[in-house]
Amino acid sequence: MIKKKSNINGILLLDKPKGISSNKALQKVKKLFNAKKAGHCGTLDPMATGLLPICFGNATKTAQYLINSSKTYNVIAKFGVKTTTGDSEGEIIERDSYLETYEIKKIRNILDNFIGEISQIPPMYSALKVNGTPLYRLARKGKSIKRRSRIINIHSILINSYDNKQIILDISCSKGTYIRTLIEDIALKLGTVAYVKELRRISIDAFKDKGMISYRRLLKYKSNELEGLLKPIDYGLMHLPFITIDNEDSRRFINGQSIKHKNNIKRTNLAIRIYNNKRILIGLANQKVKGQIQPVNVFVNS
């Protein structure tokens, strides 16, 4: 007998293991929870580890607000070697046998050039699609096409350790940043080449802590205990303003109708969390005109 899928709502802060894609990790977790609906926020390369939020049920409707959050990574970069992919999974295509050792001050000065808004060209080995085809599929066929540069924001780069063979950094950056490309560009400024040896996402700004849980640890829980590990739907939305509405307005909101509500929210381009009088999140809304609340996402079974 096939077990009926569960309507689970919430967010799991998965510590993605090395060696599998984000989608593969999602499918494994979805099967373990026997969830009807699930999705992940912010793709990690197969060789990368760390925070991969898995959204279940209504939480999938909040993914767009989580994906746009800034992220922090711990990266180990190896100097003197360039690979096809920019990481340890690629084939070596260039070596630099002479590696100069710089003073930390010089390294910091070079890293400072990358702080703030910078232009970055996405790598060929990426999931970015051109005319519906992921770039990595073209790259595997030996093809290279022109990619448009785009503006990203590097908030901070901290040095954990450095020698002429490798550097360990903590990098805080905006959505859309390719750490592999950033490392190659930093190496270029140092007059050499480099690739990402190890990459771990240690935090996402929308979340309040780093309480990740590994898939191996998930396997130790009983099926009826798993749902208790989930964060509430609004866990990653605390940066958004909120209002609480009464029963009548809640009914109208859930039915997709706009409502009038006096509030102190000045910005009209922000999503607003909507709670009923029992402090249950029932949806997200826009306020294009002051006091006019228009439903965007409705959570009917939160």
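The values are calculated or read from the model by the stated rules, or taken from the named source; none is laboratory data. Quick caveat, the model's predicted, so the values are computed rather than measured. We place every Cβ from the backbone using ideal geometry, glycine too, and count neighbours over all the protein chains shown. Ligands, DNA and RNA are excluded from the accessible area calculation, which covers all protein heavy atoms including side chains. Shrake-Rupley method; radii C 1.70, N 1.55, O 1.52, S 1.80 Å.
Quick one: residue 70 ticks every box in (1) in contact (Cβ under 8 Å) with a residue 24 or more places away in the chain; (2) farther than 27 Å from residue 157 by Cβ except a single one, so which number is it?
Single failed check for residue 70: (2).
So the check is Cβ under 8 Å with 6+ separation or different chains; which pairs have a first residue in segment 21-42 that's under 21 Å from residue 62 (Cβ atoms) and a second one that's crowded, with 19+ Cβ neighbours inside 10 Å and among the basic types (Lys, Arg)?
The qualifying pairs are 22/16; 25/16; 38/30; 42/71; 42/201.
Criterion first (in contact with a strand residue (DSSP E or B) (Cβ under 6 Å, 6 or more places away or on another chain) and without any contact (Cβ under 8 Å) to a residue 40 or more places away in the chain) does residue 145 satisfy it? Walk me through it before giving the result.
Values: in contact with a strand residue (DSSP E or B) (Cβ under 6 Å, 6 or more places away or on another chain): no; without any contact (Cβ under 8 Å) to a residue 40 or more places away in the chain: yes.
So residue 145 fails the test.
Among the residues of segment 165-187 satisfying the criterion of being over 11 Å from residue 74 (Cα atoms) and assigned to a strand (DSSP E or B), which is most open to solvent (accessible area, probe 1.4 Å)? Show your work before the answer.
Step one: filter segment 165-187 for residues over 11 Å from residue 74 (Cα atoms), giving 165-166, 173-178, 180-187.
This time we only want the ones that are assigned to a strand (DSSP E or B), so: 166, 173.
Values: 166: 51, 173: 1 Å².
In this case the residue turns out to be 166.
Tally the residues that are among the hydroxyl-bearing types (Ser, Thr, Tyr) and part of a loop (DSSP other than H, G, I, E, B), restricting the search to segment 214-240. Write out each step before concluding.
First, pick out the residues of segment 214-240 that are among the hydroxyl-bearing types (Ser, Thr, Tyr): 214-215, 221, 223, 235.
Remaining after also requiring part of a loop (DSSP other than H, G, I, E, B): 221, 223.
Looking only at that region, the number is 2.
For the structure I just gave you, tell me whether residue 190 is farther than 22 Å from residue 49 by Cα, among the aliphatic types (A, V, I, L, M), open to solvent by less than 80 Å² (accessible area, probe 1.4 Å) and in contact with an Asp or Glu (Cβ under 9 Å, 6 or more places away or on another chain). Step through it out loud before you land on a result.
Details: farther than 22 Å from residue 49 by Cα: yes; among the aliphatic types (A, V, I, L, M): yes; open to solvent by less than 80 Å² (accessible area, probe 1.4 Å): yes; in contact with an Asp or Glu (Cβ under 9 Å, 6 or more places away or on another chain): yes.
So residue 190 passes the test.
Could you check residue 213 against (1) within 17 Å of residue 76 (Cβ to Cβ); (2) surrounded by fewer than 16 Cβ atoms within 10 Å (Cβ to Cβ) and say which number it fails?
(1)
Answer with yes or no whether residue 280 is closer than 23 Å to residue 64 by Cβ and either touching a Pro at 6+ places or on another chain (Cβ under 7 Å) or buried (at least 16 other Cβ atoms within 10 Å of the Cβ) (or both).
no
Any residue in segment 232-242 that is of a type in the set (A, V, I, L, M), buried (at least 18 other Cβ atoms within 10 Å of the Cβ), out of contact with any strand residue (DSSP E or B) (no Cβ under 8 Å at 6 or more places or on another chain) and farther than 30 Å from residue 113 by Cα?
Kept after step one, since they are of a type in the set (A, V, I, L, M), are these residues of segment 232-242: 233, 237-238, 240.
If we keep only those that are buried (at least 18 other Cβ atoms within 10 Å of the Cβ) as well, we get 233, 237.
Next cut, out of contact with any strand residue (DSSP E or B) (no Cβ under 8 Å at 6 or more places or on another chain) only: none.
Scanning segment 232-242 turns up no residue that is of a type in the set (A, V, I, L, M), buried (at least 18 other Cβ atoms within 10 Å of the Cβ), out of contact with any strand residue (DSSP E or B) (no Cβ under 8 Å at 6 or more places or on another chain) and farther than 30 Å from residue 113 by Cα.
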